[in-house]
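Asker: One structure follows; several queries about it will come next.
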Amino acid sequence: MKLVWKLLRQHISIGQFSGFTLANMIGMTIILLGLQFYQDVSSIFSSKESFMKKDYIIVTKQINAVSTLTGKGTNFTKNEINELKNQSFTRSLGLFQPADFRVSASMGMKNVGMQFSTEMFFESVPDEYVDFDSSQWIYKENDNNLPIILPRNYLNLYNFGFAQTRGLPKLSENVLSMISMNITVSGNQKQGLYKGKIVGFSNRLNTILVPQSFMNWANEEYGKNESVEPSRLILEVYNPTDDSIVKYFQDKGYETEDDKLEQGKTAWFLKIVVGIVMGVGILITVLALYVLMLSIYLLVQKNTTKLENLLLIGYSPSHVAMPYQLLTFFLNGFVFVCAIMILIVVRGYYLEMLESLYPDLLIGGLGTTLLLGIILFITVSLLNMWVIRLKIASIWKRKE
C-alpha cells in the first residue's frame, strides 16, 4: 500500500483539496448549526402552559361599543360553530361549557387568621383538550372531591395586590395547591358542598376549569335545564400560519385570547429561515463534493498510465482505488470534526445571550445534530468511495 501511495500521490493539488475541505466544512457547519439553533430556540415560541395542549387556539367574539349598544350577544350559535368546524383549516373543535348554576367558594387557614369567601364561576372543556395527569382530572358522580384549574393571574392579583396592601402572607403555587377550598353550588332548589382541590394553573385561560364529567352532571342536577351557548371555543388547526384563518376571523369578528396565531407565524417564519440557511449549507456541500470529484477525476486522469501499469502487473481495482478512498475518507472525517468544534464554540456564544434574555429557556441537546453530522459524513464518504471505484473500474475495463 505504501509503494502504491508513493506512486499515486504525485500530481496531488494541495490547493484543490484545501478548497474542497474549506467549502465542505462551511457547508456542513451551516447545516448542523441551523438545525441546532432551531432546536435551542424553538421552545421560545411554544407555550409554557402546564396543562393545555400547545396547538390549540382559544376563540372568542369581539366585544365593542356596537355589540354593547345593539345588544348583540357574544356567544356562538350552533350555525356559527358548525360553520367554523367545517372550515378547511380546522382539525377539531371543542366548546367551553359554562355552569348553569351559582357557585361560591371559601378557603383559608384559621390558625393564621386568613379566611376568604367569594362568588365564582365554573367552565369546562372536553377532557381530550386538557393535557394533564388523568388520575387527578377525574370526577365521579356524588364524589365530594372536585379538581380545579385556576388562572395564574388570579394568584398574581392576590400576591401583588390584595395581600401586599393588607399585610397578608403571599402564597406560592405549591402552598395554594395544598389548601382545600369549600365549594358550594346551588340552583334548581338544591345545594351541594364539595372540597375543591387546585391541581394546576393556567397562563392562557381566564377561567376556572372543572372536569367535563362534573359540569355535565352538575348542570343537570343544579341547572335550569336550559341550553347555554358557549362564549369561547377551542380550535385545533392544521397550520396556525394559514392566512385563511386570519381572514376568516376578521370577517366574522372573532379574536383569540392569546397570541397563539402570532406565535405560530413567528415559529413558521423561523422554520422558513432555518430551512433557507440549511438549504444554502446543503448547496455549498454539494458544490464542495463536486470540487472533490473533479479533483479526483483530474488526479486519476493524470495518473492513468501508472494506474494501467499497476492493474497490468496484478493489482486489483480495489487495491488501486484504496489510497484515493482513504484520502477522501480522512478529509471528510476532518471536516466533520472541525464542523462539530465550530458548532460548539458558536453555540456557546449564542446560548449565553439567549439565557440572559430567557432564563427559563429549555435548551435542546446535541444528539440530533451529532446524528445528522454522522449521517452526512458516512453518506458523503460512501459516495466518494463509490465514485472512485467506478472510475478505477472503467480504466480496468478499458484496458481489458
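Asker: Restricting attention to the stretch 174-196, which residues are open to solvent by 10 Å² or more (accessible area, probe 1.4 Å), of a type outside the set (Ser, Thr, Tyr) and under 19 Å from GLU141 (Cβ atoms)?
Answerer: GLY187, ASN188, LYS190, GLN191, LEU193, LYS195
A quick yes/no check of all residues on (1) assigned to a strand (DSSP E or B); (2) out of contact with any helix residue (DSSP H, G or I) (no Cβ under 6 Å at 6 or more places or on another chain):
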{"site": "THR184", "(1), (2)": "yes, yes"}
{"site": "GLY192", "(1), (2)": "yes, yes"}
{"site": "LYS195", "(1), (2)": "yes, yes"}
{"site": "ILE198", "(1), (2)": "yes, no"}
{"site": "ASN206", "(1), (2)": "no, yes"}
{"site": "SER213", "(1), (2)": "no, yes"}
{"site": "TRP217", "(1), (2)": "no, yes"}
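Asker: Counting only residues that are small (Gly, Ala, Ser) and modelled with pLDDT under 70, which one in the stretch 96-116 is surrounded by the most Cβ atoms within 10 Å (Cβ to Cβ)?
Answerer: For the stretch 96-116, the residue satisfying everything is GLY108.
Asker: Being crowded, with 20+ Cβ neighbours inside 10 Å and of a type in the set (A, V, I, L, M, F, W, C) is the filter here, so list the residues in the stretch 332-351 that pass it.
Answerer: VAL335, PHE336, ALA339, LEU343
Asker: Return the pair list, or none, for Cβ contacts closer than 8 Å from residues in the stretch 180-193 that are under 14 Å from ASN225 (Cα atoms) and touching a residue at least 24 places away in the same chain (Cβ under 8 Å) to residues that are open to solvent by 80 Å² or more (accessible area, probe 1.4 Å) and in a loop (DSSP other than H, G, I, E, B), at least 6 apart or on different chains.
Answerer: GLY187/LYS224; ASN188/LYS224; ASN188/ASN225
Asker: Residues of the stretch 203-227 being open to solvent by 40 Å² or more (accessible area, probe 1.4 Å) and farther than 22 Å from LEU150 by Cα, which ones?
Answerer: Of everything in the stretch 203-227, those that are open to solvent by 40 Å² or more (accessible area, probe 1.4 Å) and farther than 22 Å from LEU150 by Cα turn out to be GLU220, GLU221, LYS224, ASN225, GLU226, SER227.
Asker: Can I ask one more? When you look at TYR254, is it open to solvent by less than 40 Å² (accessible area, probe 1.4 Å), in contact (Cβ under 8 Å) with a residue 12 or more places away in the chain and under 26 Å from GLN62 (Cα atoms), yes or no?
Answerer: So TYR254 fits the description; yes.
Asker: Follow-up. Which numbered condition trips up ALA163, out of (1) at pLDDT below 75; (2) open to solvent by less than 60 Å² (accessible area, probe 1.4 Å); (3) under 21 Å from GLN212 (Cβ atoms)?
Answerer: Failed condition: (3).
Asker: Separate question: For the stretch 127-140, how many residues meet the condition of being modelled with pLDDT under 80 and touching a helix residue (DSSP H, G or I) at 6+ places or on another chain (Cβ under 9 Å)?
Answerer: Of the residues in that region, 2 qualify.
The values are calculated or read from the model by the stated rules, or taken from the named source; none is laboratory data. Note that the structure is a prediction, hence the values are computed from the model and not measured. Virtual Cβ from ideal backbone geometry, glycine too; neighbours counted across all protein chains shown. Please note that ligands, DNA and RNA were not included when accessible areas were found on the heavy atoms of the full protein model with its side chains. Shrake-Rupley method; radii C 1.70, N 1.55, O 1.52, S 1.80 Å.
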